[in-house]
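Here the structure comes first, spelled out in structure tokens, and everything after it is commentary.
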Amino acid sequence: MQKGNIGVTTENIFPVIKKFLYSDHEIFLREIVSNAVDATQKMKTLADKGEFKGELGDLTVRVSIDEKAGTITVSDHGIGMTEEEIDKYINQIAFSGVNDFLEKYKDNANNIIGHFGLGFYSSFMVSKKVEIVTRSYKDGAKGVKWSCDGSPAYEIDDAEKESRGSDIILYVDDDCKEFLEKNKIEGLLNKYCKFLPVPVAFGKKTEWKDGKQVDTDEDNIINNVEPLWTKAPSTLKDEDYKSFYRTLYPMQDEPMFWIHLNVDYPFNLTGILYFPRIKSNIDLQRNKIQLYCNQVFVTDQVEGIVPEFLTLLHGVIDSPDIPLNVSRSYLQSDRDVKKISTYITKKVSDRLQSIFKEDRKGYEEKWDDLKLFINYGMLSEESFYDRAKDFTLMKDTEGKFFTFEEYKTLIKDNQTDKDGQLIYLYATAKEDQYSYIEAAKEKGYSVLLLDGQLDVPVISMLEQKFEKSRFTRVDSDIIDRLIVKEDMKKNELGEEESDNLSSVFRSQIPAIEKVDFYVEVQSLGEKASPVTITQSEYMRRMKDMSRYQAGMSFYAQMPDSYSLVLNSDHALIKKVLEDCKAGTADALKPIVSEIKGQEARLAALRQSQNGKKLEEISQEEKDDLQNTEKAVNEQRDKKKTVLADYAKGNSIVHQLIDLALLQNGMLKGASLDAFLKRSIELIK
């Protein structure tokens, strides 16, 4: 028997492994099974080259658990090891500078294992003792047993082993007993080993017999040794790709289409990327790409390997050029990984371009599902915008599709304003903004439907990309001001009439939480709507953008700001104004007279103090100015009260306000109830 200490420079390697790898301790099974598969593949290679003349036999890797003994065993029929090879590969760990190691890698278990060649030693994360019983394929080789109890001390002894290969026996620690449960091991094998290139068996297949599930004699092979991405695309049919997608994502809708990746220069990469149907909820769709290294599952956190927007795709990428034990810092700095990222982006762009050119109708049918993905790409990758601008579509409210260039040609004659700006009108909700859309159509304007999750930031991006262009939501202003082609017609009402009309309507707008209303009077023509509610494009867009951009959250806290536009040319508004004059003339006459007198006095006081330094104005003069300002405001408040008292009893005012609110989905609760009752009274 040989005894010794593992060649490390510290006594505490095992506590280090247990402590710092604990959060990722399930990967021990991936490491041990992958080693067994590697040993098996090496055996096949030796036979292929003629360096091994014997029978290969059954090459299945077998995983078994013994709850009673508290062990997990991974057995292979691979090349095995001699005593010298054990000493070389197991007893000498390329490991030094423990303090540096702890500091640098304490947050990343995968990095520790990959950097220091500790794949086998990950078994000590869950084991109090590990044994290797092995026999080399070489002629005359004997069985050897290596054992270690989690200290640097080990033992090597002769062992009885009839055939070549290795058995790794893990004596599971008391605090890791969940790894002796069948379901737990089955789940880990399914996660990490589902597509390994050598059959991996875990127990036997079962069948229903005599009212219960019983084992059969057939091995339960948990993996597909030839997954779809390893096969030549020419040998595959659409149903093969769809079937494989169902294997990967059993609960997902059928994908729209896919890309089969296959490149061997300047790096090795295979895989299949699927375009899922995504209409919203970007975050729910991320991290569905599975990364493999020689068919061994590595991670589904693929940021850094593919551009961020491509994390919305589903599927598999397999590359031996990406280390099995991948770390984020490695990915961010590695040249090969950046080449892979660029290659995948190009392949995706080429595929979309070809579908667009070859089957535009089919592409348009898929657009609502593709739009979010392409928008995300254009927003996050400058280079992708340059590729995608020729196959990105715009959809109008009638369901017709246009490329950027096609739509520009369509609207340039009729939707260019007096300053030469091309105005892209859009709606975000076809039903909610129906009347605004119809008003635009009556003017001969086209209206885009931009109802996607990322359409608001895309609008801002396109305004920077398109020359002399602006996007304006169709309800952001009255129709005549959406695309201003000539100076607006002046309001024919006098200033006092306009102010009175504004006060009448403003006083009766119901209070709505976090909503401010401004009232303005415009001359819009007899046929235009008497009252219209609009919302500033700028403020609404800033509030929308605050959902996407850090640092803009203060916009989200601001109240929504709307304009209530009164059409002074409409018969109903004229009637309100006439009734108001008649109903308030007596009460307003002395108030208006007082206001004029006080305003004249105020103007004189200000003029007399204008040009004087502050210290040159006496306290009496200051008090006189302040009292006059107060008197003016008091009279103005009296005027507002008179107008509000009148407006309370004017059903036309209430009805017009409520109709405008109703049109915009803003009439609720008590105000809606009052509107319904009033409407019934009006039609009796």
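The values are calculated or read from the model by the stated rules, or taken from the named source; none is laboratory data. What you are looking at is a predicted structure, and each value in this text was computed from that prediction instead of being measured. When we count neighbours, we look across all protein chains shown, and the Cβ atoms used for this are built from the backbone with ideal geometry, even at glycine. These accessible areas exclude ligands, DNA and RNA; they are computed on the full protein's heavy atoms, side chains included. Shrake-Rupley method; radii C 1.70, N 1.55, O 1.52, S 1.80 Å.
Annotations for the structure displayed:
- Residue check for E55: of a type outside the set (V, I, T), assigned to a loop (DSSP other than H, G, I, E, B), under 22 Å from E162 (Cβ atoms) and open to solvent by 70 Å² or more (accessible area, probe 1.4 Å): yes
- Summed over the range 210-226, residues that are loosely packed, with under 10 Cβ neighbours inside 10 Å and either small (G, A, S) or at pLDDT 90 or above (or both) total 1.
- Test for G452: is it within 27 Å of the chain's Cα centre (by Cα) and farther than 30 Å from R636 by Cα: yes
- Of the residues making up the range 601-612, not a single one is within 55 Å of the chain's Cα centre (by Cα) and at positive phi.
- Of the set (1) part of a strand (DSSP E or B); (2) at pLDDT 90 or above, all apply to Q290 but (2).
- Qualifying helices (runs of 4 or more DSSP H) (wholly inside the range 573-684; at least 3 residues being farther than 30 Å from D560 by Cβ): 619-648
- When we screen G165, G187 for residues that are under 24 Å from V126 (Cβ atoms) and either free of Cβ contacts under 8 Å to residues at least 24 places away in the same chain or among the polar types (S, T, N, Q) (or both), the only hit is G187.
- Some residue of the range 617-634 being open to solvent by less than 70 Å² (accessible area, probe 1.4 Å), over 54 Å from the mean Cα position of the chain (by Cα) and closer than 30 Å to S529 by Cβ: no
- Complete set of residues in the range 660-684 that are open to solvent by 50 Å² or more (accessible area, probe 1.4 Å), of a type in the set (A, V, I, L, M, F, W, C) and over 20 Å from T532 (Cβ atoms): A670, L676, I680, L682, I683
- Scanning the range 344-353 for residues that are open to solvent by less than 50 Å² (accessible area, probe 1.4 Å), touching a residue at least 40 places away in the same chain (Cβ under 8 Å) and not β-branched (V, I, T) gives no hits.
- Where a residue in the range 453-468 is open to solvent by less than 20 Å² (accessible area, probe 1.4 Å) and its partner, wherever it lies, is assigned to a loop (DSSP other than H, G, I, E, B), with Cβ under 9 Å and at least six apart: L454/Y548; D455/T428; P457/Y548; P457/Q549; V458/L450; V458/G452; I459/L450
- Only residues that are within 28 Å of E492 (Cα to Cα) and open to solvent by less than 60 Å² (accessible area, probe 1.4 Å) were counted in the range 502-521, giving 11.
- Of all the residues in the range 215-230, those that are in contact with a strand residue (DSSP E or B) (Cβ under 6 Å, 6 or more places away or on another chain) and in a strand (DSSP E or B) number 6.
- For first residues located in the range 245-270 and without any contact (Cβ under 8 Å) to a residue 40 or more places away in the chain, partners that are of a type in the set (V, I, T) and in a strand (DSSP E or B) and lie 6+ apart or on another chain with Cβ distances below 6 Å form the pairs H260/I272; N262/T270.
- Taken together, the criteria place D637 among residues that are open to solvent by 60 Å² or more (accessible area, probe 1.4 Å), among the acidic types (D, E) and closer than 30 Å to S523 by Cα.
- Any hit, the range 641-659, residues being more than 27 Å from A585 (Cα to Cα) and either open to solvent by 50 Å² or more (accessible area, probe 1.4 Å) or at pLDDT 90 or above (or both): yes
So that you can scan it fast, the table gives a plain yes or no per residue for (1) part of a loop (DSSP other than H, G, I, E, B); (2) of a type outside the set (V, I, T); (3) free of Cβ contacts under 8 Å to residues at least 40 places away in the same chain:
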| residue | (1), (2), (3) |
| --- | --- |
| G140 | yes, yes, yes |
| E160 | yes, yes, yes |
| L170 | no, yes, no |
| N183 | no, yes, yes |
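- Residue count for the range 354-391, restricted to those that are of a type in the set (A, V, I, L, M), in contact (Cβ under 8 Å) with a residue 24 or more places away in the chain and within 10 Å of F309 (Cα to Cα): 3.
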